Amino acid sequence: MVYDSIRSTLHDSYVLKVVKKYAQLIPMYLSMPGFYAKRDLDVFVHPKYKSHYDLDSFDNEYAKDIPQQLEGSLDCGVFVSSYVEYLSYGNDISTNSFDTESMRIRYATLLWDYVNRKIQFDAISDSETPQKPTRNRSDVDSSERITIH
């Protein structure tokens, strides 16, 4: 399913070119490490996969009735974040109730709250931890023989 917030004939053809490549690669990447087998999915009998092989491309279909951004608005990040959030929680993405400015304020508030909680609890993220000190290696004469007992 393709969730695109900028629908137009020219844009759709460009997006489909890119999506088709991923639609071919993803099944291959899932099949190679045994993704289906590890989940006990027999792609030859499972109702969702029965008419397909495990290496068949995914179908490319545009999601209908989703909010669209205004041309030149540069709101891609708000739309992508919102689509991901709505889909993660299984919510409907309604075109009637989607307000870009409200979503932007909501995400800014969530980030502000996150930063304040980190400060309050003196939390450190993995990316903020000090680098591990580098080990000093002494020069060893490679011609020297070492015997281990």
*For the stretch 82-118, enumerate the residues that are among the small types (Gly, Ala, Ser), surrounded by 11 or more Cβ atoms within 10 Å (Cβ to Cβ) and either assigned to a loop (DSSP other than H, G, I, E, B) or in contact with a Phe, Trp or Tyr (Cβ under 6 Å, 6 or more places away or on another chain) (or both).*
Ser94
*Pairs under 6 Å by beta carbon, first residue touching a residue at least 12 places away in the same chain (Cβ under 8 Å) in the stretch 92-115, partner in a helix (DSSP H, G or I), six or more apart or different chains?*
Ile93/Tyr86; Thr100/Val78; Met103/Val78; Met103/Ser82; Arg104/Val78
_Matching entry among Asp54, Asp4 (being touching a helix residue (DSSP H, G or I) at 6+ places or on another chain (Cβ under 7 Å), surrounded by 15 or more Cβ atoms within 10 Å (Cβ to Cβ), modelled with pLDDT of 85 or more and part of a loop (DSSP other than H, G, I, E, B))_ = Asp4
*Sort through Asp75, Asp42, Asp122 and tell me the only one that's surrounded by 10 or more Cβ atoms within 10 Å (Cβ to Cβ) and modelled with pLDDT of 80 or more.*
Asp75
*Does the stretch 21-39 include one or more residues that are among the charged types (D, E, K, R), more than 30 Å from Ser97 (Cα to Cα) and modelled with pLDDT under 80?*
yes
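The values are calculated or read from the model by the stated rules, or taken from the named source; none is laboratory data. None of these values were measured; they are calculated from a predicted model. Using ideal geometry, Cβ is built from the backbone for each residue, glycine included, and neighbour counts are taken over all protein chains shown.
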